[in-house]
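Here's the structure, in structure tokens; my notes come after.
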Protein chains: 2
Amino acid sequence: MTMKDFDFATSGRILFGRGKLDVLSEVIKYYGKKALVIKGKKFPNADKLLEILHRAGKNIQIFVVPHEPDIDLIEQSIREARKSQCDFVVGFGGGAVGDAGKAVSALLNNPGNLIDYLEVVGKGERLKNPSFPYIAIPTTAGTGSEVTRNAVIRVPKSRVKVSLRHAYLLPSIAIIDPELTLSVPPTVTASTGMDAFTQVIEPYVTKFTNPVVDMFCREGIPLGAKNLLSAYENGAHLEARENMAYVSLLGGLSLANAKLGAVHGFAGPIGGMFNAPHGTICAALLPAVMQVNAEQISKVDGEEKKVNRFKEIAEWITGDKAATIQDGVEWISSLAASLEIPGLSELGISSSDFASIIDKSKRSSSMKGNPVTLSDDQLERILEMSM
Amino acid sequence: MTMKDFDFATSGRILFGRGKLDVLSEVIKYYGKKALVIKGKKFPNADKLLEILHRAGKNIQIFVVPHEPDIDLIEQSIREARKSQCDFVVGFGGGAVGDAGKAVSALLNNPGNLIDYLEVVGKGERLKNPSFPYIAIPTTAGTGSEVTRNAVIRVPKSRVKVSLRHAYLLPSIAIIDPELTLSVPPTVTASTGMDAFTQVIEPYVTKFTNPVVDMFCREGIPLGAKNLLSAYENGAHLEARENMAYVSLLGGLSLANAKLGAVHGFAGPIGGMFNAPHGTICAALLPAVMQVNAEQISKVDGEEKKVNRFKEIAEWITGDKAATIQDGVEWISSLAASLEIPGLSELGISSSDFASIIDKSKRSSSMKGNPVTLSDDQLERILEMSM
């Protein structure tokens, strides 16, 4: 029995279920009059959201997030939000909207500019005051951003992605309604789903495991394996959508409370250097990372427990008690193939970028959680395999 | 696959581990100058707590809770707290202290008197403002009060126990340090431990199961079964203490997010009528409730899934894949015997009280969660068996 030692935090309240968007009318009852709605460019179901707010007698201001948030976009939304005199913020969309919503709610109740609070590129100041009430309503099943404590923001000038990070960024309320993901197109279902799947796998084999997170991973890994392809092949399959929304939530709970690994260690820097969606990058990397990690971990003395966890993952995803680690790795590769995940080369990456990606990845916080320390050669092999 | 539909909330941050009390110095850094410490009558380790607060430059006012909180005691502590001009509250003790701490922190930031906000005996008003920052530090492994959203308060005049209930009652921070439970005497280890054990069992078979809570129960039930007797027999057994502290946390997370069952359905009213510790009452009732529930659930059509959950519990606690439900029930009875749990009669209850207890229990919220609706005769049988 290992010693239990952990730190766990999550959003104030997590509401999950089919049609759960309807409870919004109840949860906003005690908030003020003016809502700032942050949403994606086109999302078919925002009508229902706006109708609920309208019926509840709220005034609405809308801010549209057309792509993954960069610093200019967030600065602009903060300026608009401050002028709006809103009482609370609703983020309705995918990971980009979720991150924007967190940053805006935080800066609505803290002085100064976003850059003052950013790590790496800014002053890295600590947020002084709790965020404005923020209701996160994800419309994809991927990032789990509704229960994480950071907002990822691109800084195009420096070609990096940095985080605004604080427990205050945990949304006040997360409403996860699987019905909202029914119209997500297959390519997005694939990439966001692989992101979610990665986020229940990496924390289970991280160097910094956490017994609460272990529970989420043990639940999320088999559920992701069983449902991702179904959701991709038949977007109207509500049970598969529901289960993937749950996997995404479990992934968010896991990554927010344990470190990740090499997939995210790579995905951060790559996302800063190339303008590709986070989920797509993760999806391209997962099979190779699993392969190389599995090979390496077996060679390290005293890592029997970790090796056993890789074995467990293989059993859960294949549904076969006799599955070997290699069977698990092959299963994931074959899933990625079925999901038609594009390789890194299709995202504009070439082998001349490898040195720079590897250099940045080695310094990322997620890479420190990887179950085994990987050499430059091994990291390069992962990139090559993921092209 | 059942549909997933749930509402989940917990304390702002949960810190767990041996010696974790030390992190208090870090978490209070951003709070104000004045701490109100609510503690039990005698607790050997409060010195360390006070030293940490002192070293952090905080001014300290202490309020002592000598027994399970009744309305006069809480009203008095609220008056003192309001005069104290404190910036935050620390509750350091068992369930009684935990409940008092929640009520005091809530009323520090809400106008009026406690009675205005109490259900049943008071006006049942809704808390308007969030509680003052409240750090819950349990020193027993039982109630899980550090992650629940209600404070149970006795009203001696009406011989009832009522709850102050609101999401605002979730502590800002829970610090669970198993070392603090090392000096808990065996009888208290037994009763609080059985309370914790009950709180991972009842939510697993409740009428209102919740997939997140299921995870906690699946983890907590075998862990409780393996460790409670060890902690009772050898209070210095740190691993057993740690595991029981974890079971208690899991129980709190479970009961706060799913309903309970007949043990708690009885324990509330009995606790109001007789001045006995909550844990002792639960412990006395658990074996008979398991027995009668297990008998009844098998007779109900369409409850195969629930029956299967009883079977799972039996397997987990006995550690035997072939265990029957009856084996599980017998295992719990034998655990209660080994823990020398006193019967209800020793708490001052006689058979002439049964009618009144049954009447009140049937109307309790926990009883509505019991896996099967029990007749008056069946409820009476449970009481008789628990004498």
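Taking the conditions exactly as written (more than 14 Å from chain A (Cβ to nearest Cβ), assigned to a strand (DSSP E or B), modelled with pLDDT of 95 or more and closer than 30 Å to A:ILE14 by Cβ), does B:GLY91 satisfy them or not? The answer is yes for B:GLY91.
Filtering segment A:234-244 to residues that are in contact (Cβ under 8 Å) with a residue 40 or more places away in the chain, under 13 Å from A:ALA190 (Cα atoms) and part of a helix (DSSP H, G or I) leaves A:ARG241, A:MET244. So, in segment A:1-50, how many residues would count as being farther than 30 Å from B:ASN227 by Cα, aromatic (Phe, Trp, Tyr) and within 8 Å of chain B (Cβ to nearest Cβ)? Of the residues in segment A:1-50, 1 are farther than 30 Å from B:ASN227 by Cα, aromatic (Phe, Trp, Tyr) and within 8 Å of chain B (Cβ to nearest Cβ). Of the residues making up segment B:80-99, those that are aliphatic (A, V, I, L, M) and in contact with a helix residue (DSSP H, G or I) (Cβ under 6 Å, 6 or more places away or on another chain) number 2. Residues in segment A:19-42 that are surrounded by fewer than 18 Cβ atoms within 10 Å (Cβ to Cβ) and of a type outside the set (Val, Ile, Thr): A:GLY19, A:ASP22, A:SER25, A:GLU26, A:LYS29, A:TYR30, A:GLY32, A:LYS33, A:LYS34, A:LYS41, A:LYS42. In segment A:267-379, counting only helices (runs of 4 or more DSSP H) that sit wholly within it, the ones holding 3 or more residues that are within 30 Å of A:ASP70 (Cα to Cα) span A:278-297, A:354-362.
If only residues of segment A:1-36 that are part of a loop (DSSP other than H, G, I, E, B) and among the small types (Gly, Ala, Ser) are counted, the one that is farthest from B:LEU24 (Cα to Cα) is A:GLY19. When we screen A:LYS226, A:LYS259 for residues that are basic (Lys, Arg), in a loop (DSSP other than H, G, I, E, B) and assigned by TED's automatic domain parsing to the domain that holds A:ASP327, the only hit is A:LYS259.
Results for (1) under 16 Å from B:THR140 (Cα atoms); (2) touching a residue at least 12 places away in the same chain (Cβ under 8 Å); (3) assigned to a helix (DSSP H, G or I); (4) out of contact with any Pro (no Cβ under 6 Å at 6 or more places or on another chain), shown as yes or no for each residue.
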position	(1), (2), (3), (4)
B:LYS42	yes, no, no, yes
B:LEU49	yes, yes, yes, yes
B:HIS54	no, no, yes, yes
B:ILE62	no, yes, no, yes
B:GLU75	no, yes, yes, yes
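Of the residues making up segment B:226-240, those that are crowded, with 22+ Cβ neighbours inside 10 Å and more than 14 Å from every other protein chain (Cβ to nearest Cβ) number 2. The set of residues from segment B:71-98 being touching a Ser or Thr at 6+ places or on another chain (Cβ under 7 Å) and among the aliphatic types (A, V, I, L, M) comprises just one member, B:VAL89.
Can you spot a residue in segment B:118-128 that is crowded, with 19+ Cβ neighbours inside 10 Å, outside the structural domain of B:ILE357 (by TED's automatic domain parsing) and β-branched (Val, Ile, Thr)? So far as segment B:118-128 goes, no, none of its residues is crowded, with 19+ Cβ neighbours inside 10 Å, outside the structural domain of B:ILE357 (by TED's automatic domain parsing) and β-branched (Val, Ile, Thr). Within segment B:129-143, the residues that satisfy the criterion of being small (Gly, Ala, Ser) and out of contact with any strand residue (DSSP E or B) (no Cβ under 7 Å at 6 or more places or on another chain) are B:SER131, B:ALA141, B:GLY142. Filtering A:VAL205, A:VAL120 for residues that are more than 16 Å from the chain's Cα centre (by Cα) and on the phi > 0 side of the Ramachandran plot leaves a single hit, A:VAL120. Among the residues of segment A:273-299, those identified as modelled with pLDDT of 90 or more, surrounded by fewer than 24 Cβ atoms within 10 Å (Cβ to Cβ) and closer than 16 Å to A:ARG159 by Cα are A:MET273, A:PHE274. Would you call B:GLY251 out of contact with any Ser or Thr (no Cβ under 7 Å at 6 or more places or on another chain), more than 26 Å from B:PHE6 (Cβ to Cβ) and crowded, with 21+ Cβ neighbours inside 10 Å? Considered against the rule, which asks whether it is out of contact with any Ser or Thr (no Cβ under 7 Å at 6 or more places or on another chain), more than 26 Å from B:PHE6 (Cβ to Cβ) and crowded, with 21+ Cβ neighbours inside 10 Å, B:GLY251 comes out as no. For A:ALA136, the test of being surrounded by 24 or more Cβ atoms within 10 Å (Cβ to Cβ) and more than 21 Å from A:VAL27 (Cβ to Cβ) is failed. The condition of being within 17 Å of the chain's Cα centre (by Cα) and surrounded by fewer than 24 Cβ atoms within 10 Å (Cβ to Cβ) holds for only one of B:ALA190, B:ALA167, that being B:ALA167. Kindly indicate whether any position in segment B:28-51 is closer than 25 Å to B:PRO185 by Cα and among the small types (Gly, Ala, Ser). Yes; the residues of segment B:28-51 include at least one that is closer than 25 Å to B:PRO185 by Cα and among the small types (Gly, Ala, Ser).
Screening B:LYS58 with (1) without any contact (Cβ under 8 Å) to a residue 60 or more places away in the chain; (2) away from chain A (no Cβ under 13 Å); (3) under 25 Å from the mean Cα position of the chain (by Cα) gives one miss only, at (3).
To keep it simple, each residue is scored yes or no on (1) touching a helix residue (DSSP H, G or I) at 6+ places or on another chain (Cβ under 7 Å); (2) more than 19 Å from A:PRO178 (Cβ to Cβ); (3) more than 14 Å from chain B (Cβ to nearest Cβ).
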position: A:VAL200; (1), (2), (3): yes, no, no
position: A:LEU223; (1), (2), (3): yes, no, no
position: A:SER248; (1), (2), (3): yes, no, no
position: A:PRO269; (1), (2), (3): yes, yes, yes
position: A:PRO277; (1), (2), (3): yes, yes, yes
position: A:GLY302; (1), (2), (3): no, yes, yes
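Could you check segment A:41-62 and list, in sequence order, the residues that are at pLDDT 90 or above and touching a Gly at 6+ places or on another chain (Cβ under 9 Å)? Within segment A:41-62, just A:LYS58 meets the criteria. On the given criteria, is B:SER254 under 15 Å from B:THR140 (Cα atoms) and assigned to a helix (DSSP H, G or I)? Against the criterion (under 15 Å from B:THR140 (Cα atoms) and assigned to a helix (DSSP H, G or I)), B:SER254 does not qualify. Between A:PHE208, A:PHE197, the distinction of being assigned by TED's automatic domain parsing to the domain that holds A:ASN370, among the aromatic types (Phe, Trp, Tyr) and surrounded by fewer than 24 Cβ atoms within 10 Å (Cβ to Cβ) belongs to A:PHE208 only. Among the residues of segment B:210-232, those identified as under 18 Å from the mean Cα position of the chain (by Cα) and of a type in the set (Val, Ile, Thr) are B:VAL213, B:ILE221.
The values are calculated or read from the model by the stated rules, or taken from the named source; none is laboratory data. Nothing here was measured: the structure is a model prediction, and the numbers come from that model. Note: ideal-geometry Cβ built from the backbone for every residue, glycine included; neighbour counts use all protein chains shown.
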